[in-house]
Amino acid sequence: MTVCGLRSELVKYARRILEEKLVTGAGGNISTRFESLMLISPSGFSLEDVSPDEYVEVNIETGEIAPGALRPSSEVLMHLACYRRRPEIRAVIHTHAPYVIALASSGHDLKPMFADSIIYLGRRIPHLDYITVTTPELALAVEEAVPGCECIILRNHGVITLGENLKQAFWRACSVEESARIQFMATLLGKPRFLDAEEVGRLESLGSEQYRRQLLSQMKDFHVKVETGGEGGK
Ligand SMILES: [Zn+2]
């Protein structure tokens, strides 16, 4: 995708983040990788008010900001940490999702409860204890936690989701909030049943190429046996 295309995508998903109520005011930030650069939302703007050309270009390796650009989001170090540590990642979204914050700040960890949360977020979700927002200490903690995960929960702060593109990072941002909301409701209702390690393992394998091939080969021979009530049945 061209840099213009990426700038338009940033605007599109920034608005979706607002629509999904994953941030309020000037909270949250979004970025994508373009070659050796990161395009990140500027500081002090509500995500809905940022136009395509206001996204700030930052060199991922050197941290240098393009001349004449606006000031990048104050969480810029956290985004840089993700791109530097995970070369395959092309999008980072940070939200202040309310159910995630409520759950994680009340001493709960987000646990596997249903298929979507495993398929979108994976088995490993690091939960970081509170560290002052925007600081290098927070960025360092994110850098240490980020290998091998799709999502990092920041207690008393919010959540970071990663993706191969903005759409994937956005889906994950929605999925982590939905998972937290469901766990929150289930905890209020009683004692939720979480998926065990074997159930999680089976869900993880659903995404594999081998499983997809197996599923396609089974489609031709798969028939549901329908029991009929017979003649005169109700
Ligand atoms: Zn934040």
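The values are calculated or read from the model by the stated rules, or taken from the named source; none is laboratory data. What you see is a predicted model; the values in this text were computed from it and never measured. Cβ atoms come from the backbone with ideal geometry, glycine included; neighbour counts cover every protein chain shown. What goes into the accessible areas is simple: the full protein's heavy atoms, side chains included, and nothing from ligands, DNA or RNA. Shrake-Rupley method; radii C 1.70, N 1.55, O 1.52, S 1.80 Å.
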* Counting just the residues of the range 81-101 that are open to solvent by 30 Å² or more (accessible area, probe 1.4 Å) and under 22 Å from Pro42 (Cα atoms), which one comes out nearest to the ligand (Cβ to nearest atom)? -> His96
* To do: Would you mention how many residues in the range 29-78 are open to solvent by 60 Å² or more (accessible area, probe 1.4 Å) and farther than 21 Å from Thr95 by Cβ?
  => 9
* Asked: Gly107 versus (1) at pLDDT below 95; (2) surrounded by fewer than 18 Cβ atoms within 10 Å (Cβ to Cβ); (3) within 16 Å of the ligand (Cβ to nearest atom): which is the lone unmet condition?
  -> (3)
* **Residue check, Leu195 assigned to a loop (DSSP other than H, G, I, E, B), hydrophobic (A, V, I, L, M, F, W, C) and open to solvent by less than 50 Å² (accessible area, probe 1.4 Å)** => yes
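Does the range 162-173 contain any residue that is open to solvent by less than 10 Å² (accessible area, probe 1.4 Å) and under 17 Å from Leu77 (Cβ atoms)?
Yes - at least one qualifying residue is present in the range 162-173.
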* Could you list all residues from the range 35-68 that are modelled with pLDDT under 95 and aromatic (Phe, Trp, Tyr)? => Phe45
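Go through the range 166-198 and report how many residues are free of Cβ contacts under 8 Å to residues at least 12 places away in the same chain and under 16 Å from Cys149 (Cα atoms). Spell out the reasoning first.
Looking only at the range 166-198, we keep the residues that are free of Cβ contacts under 8 Å to residues at least 12 places away in the same chain, and these are 185, 188-191, 196-198.
From the residues that got through so far, the ones that are under 16 Å from Cys149 (Cα atoms) too are none.
Summing the residues that are free of Cβ contacts under 8 Å to residues at least 12 places away in the same chain and under 16 Å from Cys149 (Cα atoms) in the range 166-198 gives 0.
Here's the yes/no breakdown for (1) over 19 Å from Ile131 (Cβ atoms); (2) within 16 Å of the ligand (Cβ to nearest atom):
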site: Ser36; (1), (2): yes, no
site: Asp53; (1), (2): yes, no
site: Ser74; (1), (2): no, yes
site: His79; (1), (2): no, yes
site: Leu103; (1), (2): no, no
* Asked: For the range 11-32, which residues satisfy the criterion of being farther than 24 Å from Ser179 by Cα and out of contact with any helix residue (DSSP H, G or I) (no Cβ under 6 Å at 6 or more places or on another chain)?
  -> Ala26
* Asked: Is it the case that Ser117 is loosely packed, with under 14 Cβ neighbours inside 10 Å and polar (S, T, N, Q)?
  -> no
* Structure fact -> The number of residues in the range 132-161 that are surrounded by fewer than 17 Cβ atoms within 10 Å (Cβ to Cβ) and within 12 Å of the ligand (Cβ to nearest atom) is 5
